[in-house]
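FYI, it's all coordinate maths here, none of it is from the lab. Keep in mind it's a predicted model, so treat the numbers as computed, not measured. All Cβ positions, even for glycine, are placed from backbone atoms using ideal geometry, and neighbour counts span all protein chains on display.
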Amino acid sequence: MNKNLFLPIILQLAGILVIIAEIIIPSAGILSLMAMGLIGYSLYIVYTGFSSATAALFIAFDIIIIPVLVIIGLKMLARSPVTLRYKLSSDEGVVSQSPELADYVNAEGTAVTNLHPAGMAMIDGKRLDVVSRGDYIDKGSQLVVTEVTANQVIVRQIFAIW
């Protein structure tokens, strides 16, 4: 091995280490730019000071090793203790809405504020944030809860039939 080839090899290895660091430490691309600079400068030295065969060998090495390192790094990151390993699901007791809100379906109440379409209502003696399906509902109107989804209590106005 030629002694002058020592610097490009060190720059290539430093670039690879910086790519690995980029996978582990989010840097908004700063480490990626640094890795590109190190690898690019290494290739510049090889192209200007050595044969084309040596330069082609460096390029082939980069084309093979960089994608392999990125894939291995991402797989290792997926198994790392810093990543979320479990899905949050209702099977494990995770719910997106309060369980007591489901009890309000078909309950009746009164609009405390004007609903256009969101507002406040008194339902079963509790003041709740409610929303209509786009309808404007006046304060004091009678309401019924039609459904509860994603922490939204959806209501409609009850019209008196005479």
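Overview of values
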read-out	value
Summed side-chain charge close to LEU101 - residues other than LEU101 whose Cβ falls under 14 Å, Lys, Arg +1, Asp, Glu -1	-3
MRE, 222 nm, helices only [DSSP H, n ≥ 4, -39500 (n - 2.57), over the chain, to nearest 500]	-14000 deg cm²/dmol
Under the Karplus curve 6.51 cos²θ - 1.76 cosθ + 1.60, θ = phi - 60°, whole-Hz ³J(HN,Hα) for region 104-120, x wherever Gly or Pro sits	7, 4, 6, 7, 10, x, 10, 6, 7, 10, 5, 9, 9, x, 9, x, 10
Structure-derived Rg and Dmax of the Cα atoms in Å: which label, when the choices are [x] 19.5, 70; [y] 31.5, 101; [z] 15.8, 49	[y]
Under-5 Å amide H pairs with SER132, H placed in peptide plane, nonlocal only	ALA118, VAL155
Size of charge dipole - the chain - debye, nearest 20, with Cβ of Lys, Arg +1 and Asp, Glu -1, no other charges	660
